[in-house]
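Engineer: Here it is, the structure, as structure tokens.
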Amino acid sequence: MRATELLGEATRAEIFGQVLTAGPISRSGLAARLGLSPSTVTRLLPPLLDADYIREEAEPGPAAGPGRPQRLLSVNLERHLVVGVKIAPNVVSGVVTDMGARVLARAELQIDGCAPETALTAAGRLVRRLLGAIPEGTARTLGVGVGLGGHVDAASGLCRYSGILGWRDVNVAAPLAAATGLPVIVGNDVNALVVAQRWFGAGRESDTFAVVTIGAGIGCGLLVGGALFTGSSGLAAEFGHIPIDPAGPACTCGRRGCLEALACSASVLTRLGHVGLALPDIESAADLARTEPATAETRAARAAFAAAGDALGRGLATLCNLINPELVILAGEGVSVYDLLRPAVHDALSHHAFSTAAADCTVLVDPVDDDMWTRGAACLVLRATVRAPLLSKHHPPAARPSPLAA
């Protein structure tokens, strides 16, 4: 495919996202928001209009200035349904959304461990349960988006490696497509969250931003110049595996001293264990660190959080030095203890960022709920579909039956 065609597909996805975010909107207003010429918008719109993903109001909208009134564009929210699924250790969650990623139904299944067959069987069961409760649910559905942590090859639908799930070279798309009879698109869960933040979250007005997730692991996704950046094989923004300390603790990836090993929730508990404080979870550590008046144990807990915050701040400085983002959105379960990390994060970021890189960047804490993750997975389908909507008017035939369909 020629570079100009690839650019057109990516821009068409951004057009859809902008109409979803800002619509109803005129063509000229859309062009201004995207920094494109009106002629480029006009050239890229027909496939979206022909597929009825975007509609132009029959009645003219109010005039934006001198001249004839302009017709307004809006997303046809009822055109299709989309399913978004997130696979995490011990739980599979999902939603059904409309074309605007508005949640129509949600469900989750607890699973015993996260072996691939267990998780994918549960995911297939969850999709069928969700769509079975909606009239003609499967027939109306564009596809299933799946988000999971790790290195995902979206083109092949394979999870190449996931430390948090313990997966290596697992085919996610094919068995789930066979189990549901629907097209399946697989992506890194934080990349899916980036698309969700761009379309209807804190990143709506930013063209270059990062989403960094903190908690059991450290994840990252990047939007650069208005486009999701995943690298040549989906490995971009493996932020958690930036080497910080070669003599540091072992990481889930098999190496030592990665940012994730130094800044994840388990790192705080490990540091406390080294000084004789065995605590069951990060919430207990946070309660101890917030205790007043401070005791020796309290100071040890605060020092453990400060060490994790320092590592995270160094990582964020590296990120700012590399891509100069205007916004970093911190998300994930770890943001509940960010008040204890913040001072050290701020100091390390300010100290290690080059020139004005830290000052140029706003760090925003966004405690996204479970729906944001699964809506993000649904957005993977929407984004892929609107890049080339004429190829998506009809569902491809379902794959041959799989044991997961049982």
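The values are calculated or read from the model by the stated rules, or taken from the named source; none is laboratory data. Keep in mind that this is a model prediction, so the values were computed, not measured. With ideal geometry, Cβ positions are generated from the backbone for all residues, glycine too; neighbour counts draw on all protein chains shown. For accessibility, only protein heavy atoms count, side chains too; no ligands or nucleic acids. Shrake-Rupley method; radii C 1.70, N 1.55, O 1.52, S 1.80 Å.
Engineer: Name every residue in region 325-337 that is acidic (Asp, Glu) and either surrounded by 20 or more Cβ atoms within 10 Å (Cβ to Cβ) or assigned to a helix (DSSP H, G or I) (or both), in order of residue number.
Structural biologist: Correct list: 333 only.
Engineer: Between a residue in region 257-286 that is over 19 Å from residue 213 (Cα atoms) and any residue that is at pLDDT below 95 and surrounded by fewer than 23 Cβ atoms within 10 Å (Cβ to Cβ), which pairs come within a Cβ distance under 6 Å, given they are 6 or more apart or on different chains?
Structural biologist: Hits for this filter: zero, empty list.
Engineer: Can you give me the number of residues within region 261-284 that are over 21 Å from residue 314 (Cβ atoms), in a helix (DSSP H, G or I) and among the small types (Gly, Ala, Ser)?
Structural biologist: 2
Engineer: Inside region 122-176, counting only strands (runs of 3 or more DSSP E) that do not spill past its ends, which hold 1 or more residues that are more than 17 Å from residue 187 (Cβ to Cβ) and open to solvent by 10 Å² or more (accessible area, probe 1.4 Å)?
Structural biologist: In region 122-176, the matching strands (runs of 3 or more DSSP E) lie at 167-171.
Engineer: Here is a list: 300, 296. Which entry is aliphatic (A, V, I, L, M), without any contact (Cβ under 8 Å) to a residue 12 or more places away in the chain and farther than 24 Å from residue 328 by Cα?
Structural biologist: Just a single option satisfies the conditions, and that option is 296.
Engineer: Which of the residues that make up region 260-306 are open to solvent by less than 70 Å² (accessible area, probe 1.4 Å) and charged (D, E, K, R)?
Structural biologist: Those that are open to solvent by less than 70 Å² (accessible area, probe 1.4 Å) and charged (D, E, K, R): 260, 271, 281.
Engineer: Next up: Within region 162-177, track down each residue that is small (Gly, Ala, Ser) and free of Cβ contacts under 8 Å to residues at least 60 places away in the same chain.
Structural biologist: 162, 166, 173
Engineer: Does region 207-227 contain at least one residue that is open to solvent by less than 30 Å² (accessible area, probe 1.4 Å), among the aliphatic types (A, V, I, L, M) and out of contact with any strand residue (DSSP E or B) (no Cβ under 8 Å at 6 or more places or on another chain)?
Structural biologist: Within region 207-227, not a single residue is open to solvent by less than 30 Å² (accessible area, probe 1.4 Å), among the aliphatic types (A, V, I, L, M) and out of contact with any strand residue (DSSP E or B) (no Cβ under 8 Å at 6 or more places or on another chain).
Engineer: A further question follows. State the number of residues belonging to region 242-259 that are in contact with a helix residue (DSSP H, G or I) (Cβ under 9 Å, 6 or more places away or on another chain) and either in a loop (DSSP other than H, G, I, E, B) or buried (at least 20 other Cβ atoms within 10 Å of the Cβ) (or both).
Structural biologist: Result for region 242-259: 11.
Engineer: Assuming residue 400 fulfils every condition listed in (1) out of contact with any Asp or Glu (no Cβ under 6 Å at 6 or more places or on another chain); (2) modelled with pLDDT under 95; (3) open to solvent by less than 70 Å² (accessible area, probe 1.4 Å) apart from one, which condition is it?
Structural biologist: It fails just one condition, (3).
Engineer: Report yes if some residue within region 179-200 is open to solvent by 40 Å² or more (accessible area, probe 1.4 Å) and assigned to a strand (DSSP E or B); otherwise report no.
Structural biologist: yes
Engineer: Between a residue in region 239-250 that is within 25 Å of residue 210 (Cα to Cα) and any residue that is open to solvent by 60 Å² or more (accessible area, probe 1.4 Å) and in a strand (DSSP E or B), which pairs come within a Cβ distance under 8 Å, given they are 6 or more apart or on different chains?
Structural biologist: 245/256
Engineer: So if I check each of 235, 322, which one is within 26 Å of residue 195 (Cβ to Cβ), open to solvent by 70 Å² or more (accessible area, probe 1.4 Å), free of Cβ contacts under 8 Å to residues at least 40 places away in the same chain and not polar (S, T, N, Q)?
Structural biologist: 322
Engineer: Given the options 57, 14, name the one that is crowded, with 20+ Cβ neighbours inside 10 Å and either in contact with a Ser or Thr (Cβ under 8 Å, 6 or more places away or on another chain) or modelled with pLDDT under 85 (or both).
Structural biologist: Result: 14 is the single residue among 57, 14 that is crowded, with 20+ Cβ neighbours inside 10 Å and either in contact with a Ser or Thr (Cβ under 8 Å, 6 or more places away or on another chain) or modelled with pLDDT under 85 (or both).
Engineer: Read through the list (1) open to solvent by less than 10 Å² (accessible area, probe 1.4 Å); (2) within 24 Å of the chain's Cα centre (by Cα), then give the number of the only condition that residue 348 fails.
Structural biologist: (2)
Engineer: Give me the pairs: first residue in region 338-357 and part of a helix (DSSP H, G or I), second residue among the aromatic types (Phe, Trp, Tyr), beta-carbon distance under 6 Å, and six or more apart or on different chains, which are they?
Structural biologist: 340/305; 341/305
Engineer: Separate question: Just give me the residues in region 60-99 being of a type in the set (Gly, Ala, Ser) and at pLDDT 90 or above, in sequence order.
Structural biologist: The answer is 74, 84, 88, 93, 94.
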